[in-house]
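Asker: Okay, handing you the structure first.
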Amino acid sequence: MREKNKLNSEDIALGIRRRVFEHCIKNNGAYLSQACSSAEQLAWLYNEALNIGDSIMPSIPETFSGVPHINNKNYKTGAGYNGPISSEYDRFIFAPAHYALVAYATLIEVGRMAPEGLSMFNQDGSSVEIIGAEHSPGMEMHNGTLGIGLSTAAGIAYGRKLNKDSGDTCVFMSDGELQEGQIWEALQVSVYYKLDNLWAIVDVNEQQVDGAMSDVLDIGNIQKKINSFGAKCIEIDGHDIEAMRQAKNEKHKDQPLIILARTSPYKGMQYLKKRFPRLHYVRFKSEEERSKMNLEISKELGIDPIKY
Amino acid sequence: MIEIVNKPYSYTFKNYASKNKKILCLSGDLTSSCEVDSFRDEFPNQFVSMGMAEQNMMSFAGGLSMSGFIPFIHTFGVFTYRRPYDQLLASIAYPRRKIRIMGFLPGITTPAGMTHQAIEDISIMRTIPNMTVIETGDATEVESICEVADKVDGPVYCRMLRGSVPRLFDTPLKLSDIRVLNSGTDILLITSGICTEEALRARAALVNAGISILHLHVHTFKPFNEEKILDLLTNVKLGVITMENHLVNGGLGTMISEIISKNGLPKKLIKLGLKDTFAHGGSKQYLTKYYGFDAYALIKSIEKFIGQELNILEEDLETARIENVHSLSKAEAL
């Protein structure tokens, strides 16, 4: 297992992109653009920002062992990959569950999961699910229904204030889910209760399933909106890790902190730009498209073309 | 004369929750309407005002549970599953959070009409995996509800009575138990919630008419005591009548028909309740009569089973208990 901070976060981000790209080529499709936009954020979270303990789960994920049920006494969530739950540690909620592949790649890059874990991705009977489930590595709740992550984290943060825990509660989010009304309900409550032990980083890649958010449902100036709700909102370049460090250090007494990480959905894989605005799920219409993308993007990522 | 208890939930919750600091009282802007206002005033540190934002309230409660607390959610029943159904499933039911949902204004117990009347809550809640579903039918059951619900290892939906509540039973609610209110051999009558009080109005008249009724009161819809129903159902001669303050589809009546069909029993079933219709605003007495699930409708159903008129007039039934529209036992006229 790698030690925290032994690698630098930039290298981890590159590793995430390479791993997700390899998976995409081999499996004829993946949530690839999400790796482009969020690699730095997830690398930084796991490598630097989050105060979490070592994984307490097997590095090769266990197979699916049933959903929560009164007769399923051995049920476990995937939260143990983020270390034990303890008052001094941060609690991490991974909100956009369709980024699961990127989350798994991150867990591998930071030494919390074995590379073999990724071969279980979306296989029948596996816990390494395509949309992160509660029992999937690194997850603690079902976020496939977008919008519930921030409310849940707010509830955790409220409880942790009562418990006088020193650890924070952090949510990784995506900008598309800001279209959900529940996010704004959660902000209202988090501001009202002065939850300064709650913070979020939002991957603002301006994409959603139907295409660019500006064409589907433009939500305007997010920073202005969140600030006017009373949270502390900072906008940064989401590929600039130093900017993340600074944003996290901003004082936000009595306020939740929301970091808007402005990103590109083809960062590190400029060739993907050709597909814009169909970036939500990258799959290939022809062998020609697949092999061309393999050649072009592997060059950009500094690796040999993937054998498939 | 039946004893009427004033706001039994108010003191029940206060007594119970004040003894366990891990219990948090959540309210969706209906604090006095759900009779937890005095708890809020006396135990402000255990009270979390969630405002009118039910989607957030459900997931927030999930988060509180994840940090070791036991949320008791207070709002009207409709607001616990209509708007925030997705959150109810993903944040509460699926992960089996120990969250106790107190849903007030069951069925037609409110003049506030469709938006406030929870007429399909039991059918929805009982089909959600991991959910326990309880309905209170009198003051004693309201007085038992916190302790019973809080013992459940998982989420619980409680259909709650408030204001002036009659005391019908002298023993506490026991999860999954079914109360036998009267033994008999002709007809099996199964009632729940406020319909039990309503059915009791016909008791004396039916005794006079010589009809032998086996009367059961159901409070736990899930886990449902199928064995006991089956056992008692097998021996009744004429058939079964269910009476519920709910749609007849999906609730008590449907549950009994499921037992009948599952076991291949040759029993006729009459389901009294709302028949595939929304209701409108009005008093309980008016609405139960209008929609055909008052004590007189019960008499008419029994006549169908025995194939003759009983010559029982409405005035032969015990007087219905009329609640004042405005009273000190309610926060507003809802």
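The values are calculated or read from the model by the stated rules, or taken from the named source; none is laboratory data. Because the structure is a prediction, the values reported are computed rather than measured. We place every Cβ from the backbone using ideal geometry, glycine too, and count neighbours over all the protein chains shown.
Asker: Which residues, counting only those in the stretch A:159-170, are surrounded by fewer than 24 Cβ atoms within 10 Å (Cβ to Cβ), at the interface with another protein chain (Cβ under 9 Å from one of its Cβ atoms), touching a residue at least 12 places away in the same chain (Cβ under 8 Å) and not charged (D, E, K, R)?
Answerer: The one that is surrounded by fewer than 24 Cβ atoms within 10 Å (Cβ to Cβ), at the interface with another protein chain (Cβ under 9 Å from one of its Cβ atoms), touching a residue at least 12 places away in the same chain (Cβ under 8 Å) and not charged (D, E, K, R): A:ASN163.
Asker: For the stretch A:190-230, name all the residues that are crowded, with 24+ Cβ neighbours inside 10 Å and among the hydrophobic types (A, V, I, L, M, F, W, C).
Answerer: Those that are crowded, with 24+ Cβ neighbours inside 10 Å and among the hydrophobic types (A, V, I, L, M, F, W, C): A:LEU195, A:LEU198, A:TRP199, A:ALA200, A:ILE201, A:VAL202, A:ILE226.
Asker: Restricting attention to the stretch B:140-157, does a residue exist that is within 14 Å of chain A (Cβ to nearest Cβ), out of contact with any Leu (no Cβ under 8 Å at 6 or more places or on another chain) and of a type in the set (Phe, Trp, Tyr)?
Answerer: No: zero hits.
Asker: Among the residues that make up the stretch B:120-134, is at least one of them within 14 Å of chain A (Cβ to nearest Cβ), more than 14 Å from the chain's Cα centre (by Cα) and under 23 Å from A:TYR158 (Cβ atoms)?
Answerer: Looking for residues that are within 14 Å of chain A (Cβ to nearest Cβ), more than 14 Å from the chain's Cα centre (by Cα) and under 23 Å from A:TYR158 (Cβ atoms), one finds none in the stretch B:120-134, hence no.
Asker: Give the stretch A:173-232 a look and list any residue that's in contact with a Lys or Arg (Cβ under 8 Å, 6 or more places away or on another chain) and of a type in the set (S, T, N, Q), or say none.
Answerer: Correct list: A:ASN197 only.
Asker: Check every one of the strands (runs of 3 or more DSSP E) wholly within the stretch B:128-184 and list those with 3 or more residues that are closer than 18 Å to B:ALA17 by Cα.
Answerer: B:156-160
Asker: Additional query: Could you list, in sequence order, the residues of the stretch B:248-266 that are buried (at least 20 other Cβ atoms within 10 Å of the Cβ) and out of contact with any helix residue (DSSP H, G or I) (no Cβ under 8 Å at 6 or more places or on another chain)?
Answerer: Across the stretch B:248-266, the qualifying residue is only B:GLY253.
Asker: I need a count of the residues in the stretch A:141-153 that are closer than 14 Å to A:ALA79 by Cα, part of a loop (DSSP other than H, G, I, E, B) and at the interface with chain B (Cβ under 7 Å from one of its Cβ atoms).
Answerer: Final tally of qualifying residues: 2.
Asker: Buried (at least 21 other Cβ atoms within 10 Å of the Cβ), at negative phi and within 9 Å of another protein chain (Cβ to nearest Cβ): is that true of B:SER91 in this structure?
Answerer: Numbers: buried (at least 21 other Cβ atoms within 10 Å of the Cβ): yes; at negative phi: yes; within 9 Å of another protein chain (Cβ to nearest Cβ): yes.
Here the answer is yes, as B:SER91 does meet what is asked.
Asker: Can you name the residue in the stretch A:77-93 that is aromatic (Phe, Trp, Tyr) and within 14 Å of chain B (Cβ to nearest Cβ) and, of all such residues, is surrounded by the fewest Cβ atoms within 10 Å (Cβ to Cβ)? Quick ask: steps written out before the conclusion?
Answerer: The initial filter retains those residues of the stretch A:77-93 that are aromatic (Phe, Trp, Tyr), namely A:81, A:89, A:92.
Keeping just the survivors that are within 14 Å of chain B (Cβ to nearest Cβ) gives A:89, A:92.
Values: A:TYR89: 18, A:PHE92: 24.
Among those residues, the one meeting the criterion is A:TYR89.
Asker: For the stretch A:10-22, state whether one or more residues are at pLDDT 95 or above and more than 18 Å from the chain's Cα centre (by Cα).
Answerer: First, the residues of the stretch A:10-22 that are at pLDDT 95 or above: A:10-22.
With the extra rule that they be more than 18 Å from the chain's Cα centre (by Cα), the set shrinks to A:22.
Yes, the conditions are met somewhere in the stretch A:10-22.
One line per residue, one yes/no per condition, for (1) crowded, with 24+ Cβ neighbours inside 10 Å; (2) β-branched (Val, Ile, Thr); (3) within 8 Å of another protein chain (Cβ to nearest Cβ):
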position	(1), (2), (3)
A:TYR75	no, no, no
A:LEU107	yes, no, no
A:GLU116	no, no, no
A:ASN122	no, no, no
A:GLY125	no, no, no
A:GLY132	yes, no, no
A:MET139	yes, no, no
A:GLY155	yes, no, yes
A:PHE172	yes, no, no
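Asker: Would you be able to tell me the number of residues in the stretch A:188-242 that are more than 14 Å from every other protein chain (Cβ to nearest Cβ) and assigned to a strand (DSSP E or B)?
Answerer: 15
Asker: If we scan the stretch A:295-305, do we find a residue that is crowded, with 20+ Cβ neighbours inside 10 Å and either under 20 Å from the mean Cα position of the chain (by Cα) or closer than 30 Å to A:ASP165 by Cα (or both)? Please lay out each step first, then the result.
Answerer: We begin by selecting, within the stretch A:295-305, every residue crowded, with 20+ Cβ neighbours inside 10 Å; these are A:297.
Those left that are additionally either under 20 Å from the mean Cα position of the chain (by Cα) or closer than 30 Å to A:ASP165 by Cα (or both): none.
No - not one qualifying residue is present in the stretch A:295-305.
Asker: Looking at (1) surrounded by 21 or more Cβ atoms within 10 Å (Cβ to Cβ); (2) closer than 27 Å to B:ALA333 by Cβ, which is the one condition that is false for B:ALA149?
Answerer: B:ALA149 satisfies all of (1) surrounded by 21 or more Cβ atoms within 10 Å (Cβ to Cβ); (2) closer than 27 Å to B:ALA333 by Cβ except (2).
Asker: Would you please name the residue that is nearest to the other protein chains (Cβ to nearest Cβ), looking only at residues in the stretch B:55-68 that are crowded, with 24+ Cβ neighbours inside 10 Å and farther than 26 Å from B:ILE119 by Cβ?
Answerer: Going through the qualifying residues, I end up with B:GLY63.
Asker: Any chance the stretch B:204-219 includes a residue that's assigned to a strand (DSSP E or B) and among the polar types (S, T, N, Q)? First the steps, then the outcome.
Answerer: Quick first cut of the stretch B:204-219, residues assigned to a strand (DSSP E or B) only: B:213-218.
Going one step further and asking which of them are among the polar types (S, T, N, Q), we end up with none.
No.
Asker: From the set of residues in the stretch B:220-236 that are outside any helix (DSSP H, G or I) and of a type in the set (Val, Ile, Thr), which is surrounded by the fewest Cβ atoms within 10 Å (Cβ to Cβ)? Working first, answer last.
Answerer: Just the residues of the stretch B:220-236 that are outside any helix (DSSP H, G or I), to begin with: B:220-225, B:234-236.
Narrowing further to those that are of a type in the set (Val, Ile, Thr): B:220, B:234, B:236.
Working: B:THR220: 19, B:THR234: 11, B:VAL236: 19.
Once the filter is applied, the top-ranked residue is B:THR234.
Asker: So B:SER27 clears everything in (1) more than 23 Å from the chain's Cα centre (by Cα); (2) farther than 26 Å from A:PHE92 by Cα; (3) of a type outside the set (Phe, Trp, Tyr) except one condition, right? Which one?
Answerer: (1)
Asker: Can you find, within the stretch B:99-132, the residue that is nearest to B:ILE194 (Cα to Cα) among those that are surrounded by fewer than 21 Cβ atoms within 10 Å (Cβ to Cβ) and of a type in the set (D, E, K, R)? Full working, then the answer.
Answerer: So in the stretch B:99-132, the residues surrounded by fewer than 21 Cβ atoms within 10 Å (Cβ to Cβ) come out as B:111-116, B:120, B:123-124, B:126-130.
Of the ones still in play, those that are also of a type in the set (D, E, K, R) are B:120, B:126.
Details: B:GLU120: 15, B:ARG126: 19 Å.
The qualifying residue nearest to B:ILE194 (Cα to Cα) is B:GLU120.
Asker: List pairs: first residue in the stretch B:120-146 and in the same structural domain as B:PRO95 (by TED's automatic domain parsing), second residue among the small types (Gly, Ala, Ser) and not in a helix (DSSP H, G or I) anywhere in the structure, Cβ distance under 6 angstrom, at least six positions apart or on different chains.
Answerer: B:ASP121/B:GLY77; B:ILE122/B:GLY251; B:SER123/B:GLY250; B:SER123/B:GLY251; B:ASN130/B:GLY154; B:GLU135/B:SER192; B:GLU135/B:GLY193; B:GLY137/B:GLY193
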